Amino acid sequence: MIPIVPIRTSADLDEAVAASRDKDVLVYKHSTRCSVSAWAQQEFTAFLGEPAALRFAAFQVDVIASKALSQEVATRFSVRHESPQLLVLRDGRVIAHGSHDEINRAFLRGLDPRKVA
């Protein structure tokens, strides 16, 4: 399984952006108070155990513990804040995103690098 790196600071977010220059990065914004987010996290972590996930690096923001950082993600990438939310970064920019029940293994498997841009 691909490890999930926590994003707790702006510097951590910068590291996720830097990593997106080498491989696509998944940034999962998780709420510990939301049942939909718990379900989406199960789908996210299950996907990370699949061979298709090997081309990604994975990061996670706890939106409850890091509200300001969660808003920084929305502002930096010009994507409206939602939770749960998944952003896919390539070369420092968002190439795909989804929220709530869109975050599932089928969505993640469908992130074909030739088609997403």
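The numbers here are math on the coordinates, done by the rules we state, and not lab data. Everything quoted here is computed from the prediction, not taken from an experiment. Heads up, the Cβs are rebuilt from the backbone with ideal geometry, glycines too, and the neighbour counts pull from every protein chain shown.
Looking across the stretch 5-15, just one residue is over 11 Å from L69 (Cβ atoms) and within 12 Å of the chain's Cα centre (by Cα), and that is V5.
In the stretch 59-69, is there at least one residue being of a type in the set (K, R) and out of contact with any Leu (no Cβ under 8 Å at 6 or more places or on another chain)? The answer is yes, given that some residue of the stretch 59-69 is of a type in the set (K, R) and out of contact with any Leu (no Cβ under 8 Å at 6 or more places or on another chain). In summary, Q85 fulfils each of the numbered conditions (1) under 18 Å from P6 (Cβ atoms); (2) without any contact (Cβ under 8 Å) to a residue 12 or more places away in the chain with the single exception of condition (2).
The residues of the stretch 80-91 that are surrounded by 15 or more Cβ atoms within 10 Å (Cβ to Cβ) and of a type outside the set (S, T, N, Q), listed by number, are H81, E82, P84, L86, L87, V88, L89, R90.
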